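Novice: Below you will find the structure I want to go over with you.
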Amino acid sequence: MYVLYCVSIYYEYLYVYLGVCNKKLRRYEDALDAFNKLHNILRNSAQVMYQLADLYPYLVTFLLTKLLAVAHRHTKTYRTVSEMCHS
């Protein structure tokens, strides 16, 4: 039983460290993956739940920025095609 406890502590610190490093590097999707994997292993870990909750505002901002960049590119393409058709 003690060995299982040690392994779970090891995984907890490993994935928390991996998730925090990815968050600091602004690799939010990778951080989310690490925290979700850890959450599947340790369902009742307060630290994991905190890290997941702390990550979501960054993730939402990141995804909205990506979405706006794609929309902006498509708007430019649409304008260029429209100008070519009306010339």
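The values are calculated or read from the model by the stated rules, or taken from the named source; none is laboratory data. None of the values given here were measured: they were computed from a predicted structure. Here the Cβ positions follow ideal geometry from the backbone for every residue, glycine too, while neighbour counts run over all protein chains shown.
Novice: Residues that are at pLDDT 85 or above and of a type in the set (D, E): which helices (runs of 4 or more DSSP H) entirely in the chain hold 3 or more of them?
Specialist: 28-41
Novice: Separate question: Could you please tell me which pairs satisfy a Cβ distance under 8 Å, a separation of 6+ or placement on different chains, a first residue in the range 40-51 that is farther than 10 Å from Y15 by Cβ and without any contact (Cβ under 8 Å) to a residue 24 or more places away in the chain, and a second residue that is of a type outside the set (S, T, N, Q) and part of a helix (DSSP H, G or I)?
Specialist: Pairs that qualify, where the first residue is farther than 10 Å from Y15 by Cβ and without any contact (Cβ under 8 Å) to a residue 24 or more places away in the chain and the partner is of a type outside the set (S, T, N, Q) and part of a helix (DSSP H, G or I), are M49/H39.
Novice: Then there is this: Please verify whether V48 is touching a His at 6+ places or on another chain (Cβ under 6 Å), surrounded by 15 or more Cβ atoms within 10 Å (Cβ to Cβ) and of a type outside the set (D, E), treating the condition exactly as stated. Show your work before the answer.
Specialist: Values: touching a His at 6+ places or on another chain (Cβ under 6 Å): yes; surrounded by 15 or more Cβ atoms within 10 Å (Cβ to Cβ): yes; of a type outside the set (D, E): yes.
Spelling it out, V48 is indeed touching a His at 6+ places or on another chain (Cβ under 6 Å), surrounded by 15 or more Cβ atoms within 10 Å (Cβ to Cβ) and of a type outside the set (D, E).
Novice: Could you please tell me which pairs satisfy a Cβ distance under 8 Å, a separation of 6+ or placement on different chains, a first residue in the range 8-23 that is in contact (Cβ under 8 Å) with a residue 24 or more places away in the chain and hydrophobic (A, V, I, L, M, F, W, C), and a second residue that is surrounded by fewer than 12 Cβ atoms within 10 Å (Cβ to Cβ) and in a helix (DSSP H, G or I)?
Specialist: none
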